[in-house]
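A.B. asks: What follows is a single structure, and I will ask about it in a moment.
Laboratory data are not the source of any read-out in this text; all were calculated from the coordinates shown. Values in this document were obtained by computation on a predicted structure and should not be read as measured data. Quick reminder, even Gly has a Cβ in these numbers, built from the backbone with ideal geometry, and neighbours come from all protein chains shown.
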Amino acid sequence: MIRAFERARLPELYAALSAACDRVIGPTARDGAIVLAELASLDELPVGLRDQQAPGRYRLGEAKRAEGEPPPVFGYVNGPRSAKEWLFPSQEKLYTAERRPDGRIGFSAVPTHAPSTALLGVRACDVASVRKQDRILLEGQHADARYAARRERALLVAVSCLEPGELCFCASTGSGPKPGEGADLVLSELGERFLIEARTPEGEAVLSRLTTREASEEETAELERGLALAEASMGRSIDIAGLPEKLYARLDHPRWAEVAERCLSCGNCTSVCPTCFCTDVVDESDLDATTSARTREWLSCFSADHGKVHGFDPRPHTLDRYRQWLTHKLGGWVAQFGETGCTGCGRCIAWCPVGIDITEEVKAIVAEPAPASRHAPLPMQVAPPPVAQPALEQLLPREARVVEVVRETDDVVTLVVDDPEGAGIEPGQFQMLSLPGLGESAISCSGRAPGGELLHTVRGVGPTSRAIEALAAGASIGVRGPYGKRWPIELARGRVVTVVAGGLGIAPLRGAIRALMVPAAGVHELRLLLGARSPEDLPFAEEIEAWREHARVELTVDRAGPDWPHHVGVVTRLLPLITLPPEGLYLSCGPEVMMRFVANGLVAAGVPREHVYVSTERHMKCGAGLCGRCQHGPSIICRDGPVFSYDRVEALMAREGF
Amino acid sequence: MSVDVALLEGIPAFHGTNPTTRAAVARLAERVEAKAGSVLFHEGDPATEVYFLLSGRISLGMRVAQRELLVLTLHAGEMTGWSGLLPHGRVATARVLDDAALLRFDGQALLDACEADHELGYRVMRHLFGDLARRLHDTRLQLMDVFGPARKA
Ligand code: SF4
Ligand code: SF4
């Protein structure tokens with residue numbers, strides 16, 4: 001039910017919010033902009049002010065008002081910063097790690113700063129943005145524990161938008177002008193009166209402390225009229241119907257190159273966007289390297305580090321990055337989280353130094369029918385439903401002991417790690433291994449030792465993995481996970497199963513191969529086609545020889561000495577040596593280019609793409625699907641993969657810039 | 001010389017040729033067997049013959065410094081010794097890995113037959129072109145060293 005109160009009673013609302021929460025955050029005018037800040041009193045509200053906005057332009061001025069009307073309290077549109085920074089701060093220390101004199105490592109979580117917080121004056125678009133972040137950070141398989149603590153104790157006091165800003169288009173993204181689900185209280189300013197509506201029990205509790213009366217029919221009608229007018233007066237829009245498919249069908253549109261000419265890759269758009277959620281972590285050690293701290297920070301997809309893995313940046317050009325941001329926000333987001341990632345707040349337009357307008361870009365790109373493409377169309381996945389009981393993810397490693405180190409090749413070792421908490425890991429899943437002060441690496445489990453310890457096969461390439469490779473038995477290591485999806489071993493029953501691995505790609509498959517060999521797996525016939533750089537670079541050589549008892553094994557290398565009795569040549573040359581039944585099951589792991597040629601070879605031989613599984617890799621930074629770094633078109637690799645059937649990833653695997 | 005025409009069935013290079021042509025080709029061919037461990041030809045030898053592998057495996061190796069490096073393994077259906085069709089010597093050493101059966105042609109005789117019957121020549125050359133393109137492509141992938149250590153961060 002909608003209640004009403006006179007403007008003079010607004011301080012009662014402030015008092016009620018202060019009583020209910022540790023702090024009240026609301027709009028203030030600071031440094032020439034509307035900024036959400038902790039309010040010491042209502043005097044700080046930007047009464048009578050309005051932010052004039054245009055592409056690349058933001059200026060604070062006086063709000064227009066009709067004759068006889070008081071200066072509006074909530075006459076502003078929105079500032080560069082949103083509710084996001086109070087629920088998901090731009091920087092946050094996650095944990096400290098300490099190396100004790102006995103060599104062991106202690107990890108201690110930094111307690112979450114989560115005072116109960118009333119957010120006053122949240123626009124409809126920002127209510128929607130909070131809900132969009134909830135979907136990612138609270139409702140997936142892993143919930144961000146810090147966000148959850150703050151969100152749980154937040155009270156959203158929304159304000160209806162009766163006079164949209166020049167850049168607003170929330171009506172077209174379905175986020176406004178009427179504040180939607182997620183608000184605890186909704187305020188509407190009608191001159192001298194305010195209407196107020198409680199949408200949750202928490203909102204109800206606050207409302208009950210105010211002196212209000214029932215809103216008159218006239219007043220609610222006035223509000224409805226105002227909202228309808230606001231909706232009709234928005235000068236911009238994005239047609240979100242079918243937009244993901246439309247955008248992904250136009251990845252080669254010339255407009256991407258045109259906008260990339262103007263875009264500075266500065267990342268302003270991502271830092272003002274209330275829904276952007278990508279983060280980085282920074283590890284800092286003190287001078288004597290005994291303690292270190294890990295801090296999480298917002299990170300823009302325009303930054304060179306965003307996708308970089310093993311020194312390779314999959315999106316090196318501004319074109320790739322702009323296209324990534326836009327196709328993710330309006331396309332991949334729908335596939336990942338079931339709704340568009342844009343709330344129509346207009347911030348990215350106002351704060352872009354060169355005035356790039358997302359609504360204009362979308363219009364230009366989808367204006368014409370999609371051109372014929374030499375690439376396969378990208379299948380959109382259906383977003384997984386919200387998880388009712390997500391695991392609270394602290395992103396905090398636990399200490400585990402390396403009980404043995406097995407040298408496999410010159411630069412590859414297998415660590416035998418005693419990690420009882422990770423015992424449930426399945427073939428294809430990975431863990432995050434870390435060393436304090438150095439960093440973390442996503443490493444697939446390469447099986448289990450007879451004693452139940454987890455095996456991790458590591459090649460030293462970057463500073464972290466080199467340090468991991470150099471560990472000795474008895475050392476301590478940080479471990480998180482298991483994360484990700486496993487190989488579909490259960491599909492192997494009764495089928496001819498072919499495993500094609502190259503290089504270290506055998507490691508994520510070793511557990512699967514072992515599982516496929518036990519009679520209980522019911523595999524009709526097993527073949528292993530394994531490639532390596534040279535005989536000396538083949539890990540698990542002894543074990544592979546033993547596999548010959550249960551499987552047909554063909555080994556090939558890129559070069560070998562004269563005594564090598566097996567094959568020389570690329571792994572795809574082994575495919576003609578075996579039958580390739582279409583109803584067989586095919587598992588492949590190795591460098592992306594290898595998997596692509598293997599999968600295409602199988603497809604050419606008549607194997608349906610759905611019967612071919614590959615394990616993909618992108619920047620797996622948090623492992624839990626929370627940091628946004630492993631984006632791959634419609635998929636989040638840590639959540640939806642790394643194991644995918646080929647039909648899901650073919651279209652992007654063949655492309656540059658993803 | 002001469003082999004049963006049926007033996008040509010397993011050789012993609014002669015697919016699509018007509019029966020008369022195939023019979024003529026069969027008259028030029030000789031079936032030979034080679035034991036595992038033997039050497040078909042050595043790098044640097046004069047090249048006069050070409051082979052099509054009917055069964056078994058052959059490895060190709062090249063000398064690098066004092067050592068032989070294996071660069072490719074050939075399987076049934078594939079050709080080896082194509083330098084026998086060209087005016088230079090053997091560029092690699094062909095070792096028999098598993099007992100092999102091969103069709104052997106005198107390179108010049110096969111070239112003459114192709115010259116005399118352009119239909120045959122076209123089929124053979126077109127097949128060789130595809131085969132060599134595939135090998136070149138595979139060689140490029142080998143050169144990429146995709147299994148080597150990734151670029152360092
Ligand atoms: S993409 Fe732009 S308009 Fe959409 S929510 Fe982000 S900042 Fe607002
Ligand atoms: S679109 Fe604008 S704000 Fe975003 S990175 Fe490019 S120049 Fe910066």
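A.B. asks: Helix A:217-232 versus the longest principal axis of chain A: what angle, 0 to 90°, nearest 10, using Cα atoms?
C.D. replies: Long axis of A:217-232 versus the principal axis of chain A: about 50 degrees.
A.B. asks: Here is a further query. Given 0.36 nm per residue, what is the gain on full extension from residue A:59 to residue A:473 after removing their alpha carbon distance, in nm?
C.D. replies: Contour length minus Cα-Cα distance gives 142.8 nm.
A.B. asks: On to the next question. In nanometres, what is the gap between the two model label sites at residue B:62 and residue A:364, each 7 Å from Cα along Cα-to-Cβ?
C.D. replies: With each label point 7 Å from Cα toward Cβ, the separation is 4.9 nm.
A.B. asks: Continuing with this model, one more query. Take every Cα pair under 8 Å in chain B that's 6+ residues apart, average their separations, divide by the length, and report that relative contact order as a whole percent. Intermediate results must be reported in sequence, preceding the final value.
C.D. replies: Values: 280 pairs, mean separation 42.3, N = 153.
The value is 28 percent.
A.B. asks: Would you mind getting me the FRET efficiency between residue A:289 and residue A:583? Use the beta-carbon distance for r and R0 = 51 Å, nearest 0.05. Present the calculation step by step, with values, prior to reporting the outcome.
C.D. replies: Working: r = 56 Å, r/R0 = 1.10.
The computed FRET efficiency comes out at 0.35.
A.B. asks: Is segment A:397-483 rounded, prolate or oblate when judged by the Cα gyration tensor, a ≥ b ≥ c being the square roots of its eigenvalues, rounded requiring a/c under 1.5 and prolate requiring a/b larger than b/c?
C.D. replies: The shape class here is rounded.
A.B. asks: Where in segment A:79-102 does the amide nitrogen come within less than 17 Å of the point 7 Å from the Cα of residue A:152, taken along Cα to Cβ?
C.D. replies: Those under the cut-off are A:87-88.
A.B. asks: Hey, another quick one. What average number of partner chain Cβ atoms lie no more than 10 Å from the Cβ of the residues making up A:101-113?
C.D. replies: On the way: counts 0, 0, 0, 0, 0, 0, 0, 0, 0, 0, 0, 0, 0.
Mean shielding count: 0.
A.B. asks: Would you mind calculating the gained length between residue A:548 and residue A:93 on full extension (0.36 nm times residue separation, minus the Cα-Cα distance), in nm to one decimal?
C.D. replies: Length gained, residue A:548 through residue A:93: 158.7 nm.
A.B. asks: Tell me which of A:155, A:234, A:482 sits at the most positive position along the dipole axis of chain A, charges placed on C-beta atoms (Lys, Arg +1; Asp, Glu -1).
C.D. replies: Farthest along the dipole direction, towards plus: A:482.
A.B. asks: Now for a separate question. Grab the beta carbon distance between residue A:261 and residue B:20, set R0 = 51 Å, and tell me the FRET efficiency rounded to 0.05.
C.D. replies: Efficiency, rounded to the nearest 0.05: 0.20.
A.B. asks: Multiplying the sequence separation of residue A:116 and residue A:9 by 0.36 nm and subtracting their Cα-Cα distance, what value in nm do you get?
C.D. replies: Using 0.36 nm per residue and subtracting the Cα-Cα distance, I get 36.2 nm.
A.B. asks: Something else: Given the peptides A:486-498, A:421-433, arrange them by the average over their residues of other C-beta atoms within 10 Å, most packed first.
C.D. replies: Result, highest mean Cβ count within 10 Å first: A:421-433, A:486-498.
A.B. asks: Sorted from fewest to most neighbouring beta carbons within 10 Å, what does the list A:563, A:418 look like? Before the final figure, lay out the partial values.
C.D. replies: Values: A:563 8, A:418 16.
Going from least to most buried by this count: A:563, A:418.
A.B. asks: Using only atoms on other chains, find how many Cβ atoms lie within 10 Å of each Cβ of peptide B:60-73 and report the average.
C.D. replies: Numbers: counts 2, 6, 1, 0, 1, 0, 0, 2, 4, 7, 14, 5, 8, 11.
Mean partner shielding for this stretch: 4.
A.B. asks: Sticking with this one: What is the angle, in °, between the Cα long axis of helix A:318-327 and the longest principal axis of the Cα atoms in chain A? Nearest 10 is fine, range 0 to 90.
C.D. replies: Tilt relative to chain A: about 70 degrees.
A.B. asks: Hey, fewest Cβ within 10 Å first, where do A:453, A:6, A:219, A:549 land in order? Could the numbers behind the result be given before it?
C.D. replies: Numbers: A:453 22, A:6 12, A:219 17, A:549 8.
Least to most surrounded, the residues fall as A:549, A:6, A:219, A:453.
A.B. asks: Can you compute the charge dipole magnitude of segment B:5-144 about its Cα centre, using +1 on each Lys and Arg Cβ and -1 on each Asp and Glu Cβ, nothing else charged? Give it in debye, rounded to the nearest 20.
C.D. replies: In total the dipole reaches around 360 debye.
A.B. asks: Given contacts defined as C-alpha pairs under 8 Å and at least six residues apart, what's the relative contact order of segment A:333-434, whole-number percent? Intermediate values should be presented prior to the final figure.
C.D. replies: Values: 55 pairs, mean separation 21.1, N = 102.
Across segment A:333-434, relative contact order equals 21 percent.
A.B. asks: A further question on this structure: Indicate, rounded to the nearest 5 percent, the antiparallel portion of the DSSP beta bridges found entirely in the protein assembly as shown.
C.D. replies: 75 percent
A.B. asks: Rounded, prolate or oblate for segment A:489-615? Axes are the square roots of the Cα gyration tensor eigenvalues, ordered a ≥ b ≥ c, and the cut-off for rounded is a/c under 1.5.
C.D. replies: Note, shape of segment A:489-615 comes out oblate.
A.B. asks: Per q in 0.07, 0.09, 0.10 1/Å, what log10 I(q)/I(0) does a Debye calculation on the alpha-carbon atoms of the protein assembly as shown return?
C.D. replies: -0.65, -0.93, -1.07
A.B. asks: How large is log10 of I(q)/I(0) for segment A:428-547 at q = 0.19, 0.21 Å⁻¹ when the intensity is taken from the Debye formula with one equal scatterer per alpha-carbon?
C.D. replies: Each listed q corresponds, in turn, to -1.13, -1.29.
A.B. asks: Hey, rough spin-label estimate for residue B:140 and residue A:418, points 7 angstrom out along Cα→Cβ, what's it come to in nanometres?
C.D. replies: 5.2 nm
A.B. asks: Rounded to whole Hz and in sequence order, give me ³J(HN,Hα) for segment A:55-60 from the Karplus expression 6.51 cos²θ - 1.76 cosθ + 1.60, θ = phi - 60°, writing x for Gly and Pro.
C.D. replies: x, x, 9, 8, 9, 8
A.B. asks: Considering Cα pairs under 8 angstrom that are at least six residues apart, work out the relative contact order of chain A and quote it in whole percent.
C.D. replies: Contact order relative to length: 13 percent.
A.B. asks: Say the dipole of segment A:245-366 comes from +1 at the beta carbon of Lys and Arg and -1 at that of Asp and Glu; which of A:287, A:365, A:325 then lies farthest toward its positive end?
C.D. replies: Value: A:365.
A.B. asks: To the nearest 20 debye, what charge dipole does the protein assembly as shown have about its Cα centre, counting +1 at the Cβ of each Lys and Arg and -1 at the Cβ of each Asp and Glu?
C.D. replies: Around 420 debye, computed over the protein assembly as shown.
A.B. asks: Where nothing but the Cβ of Lys and Arg (+1) and of Asp and Glu (-1) is charged, how large is the charge dipole of segment A:245-366 around its Cα centre, in debye to the nearest 20?
C.D. replies: 520 debye
A.B. asks: Return the calculated 222 nm mean residue ellipticity for the protein assembly as shown, to the nearest 500 deg cm²/dmol, obtained by summing -39500 (n - 2.57) across DSSP H runs with n ≥ 4 and dividing by the residue count.
C.D. replies: Value at 222 nm, helices only, nearest 500: -7500 deg cm²/dmol.
A.B. asks: Label 7 Å along Cα→Cβ of residue A:2; segment A:225-243 residues with amide nitrogen under 19 Å?
C.D. replies: In segment A:225-243, the label zone of residue A:2 (backbone N under 19 Å from the point 7 Å along Cα→Cβ) covers A:225-233.
A.B. asks: Shifting gears a bit: Taking the Cα atoms only, what angle lies between the long axis of helix B:118-144 and the longest principal axis of chain B, rounded to 10 degrees?
C.D. replies: 10 degrees
A.B. asks: Can I ask one more? Partner chain Cβ atoms within 10 Å, averaged over the residues of B:136-146 - can you pull that number for me?
C.D. replies: Values: counts 0, 3, 7, 3, 1, 10, 7, 1, 5, 5, 13.
Average per residue, whole number: 5.
A.B. asks: Of A:172, A:377, A:335, which is farthest towards the positive pole of the protein assembly as shown's charge dipole, taken about the Cα centre with +1 and -1 on the beta-carbons of Lys, Arg and Asp, Glu respectively?
C.D. replies: Sorting the options by dipole projection puts first A:377.
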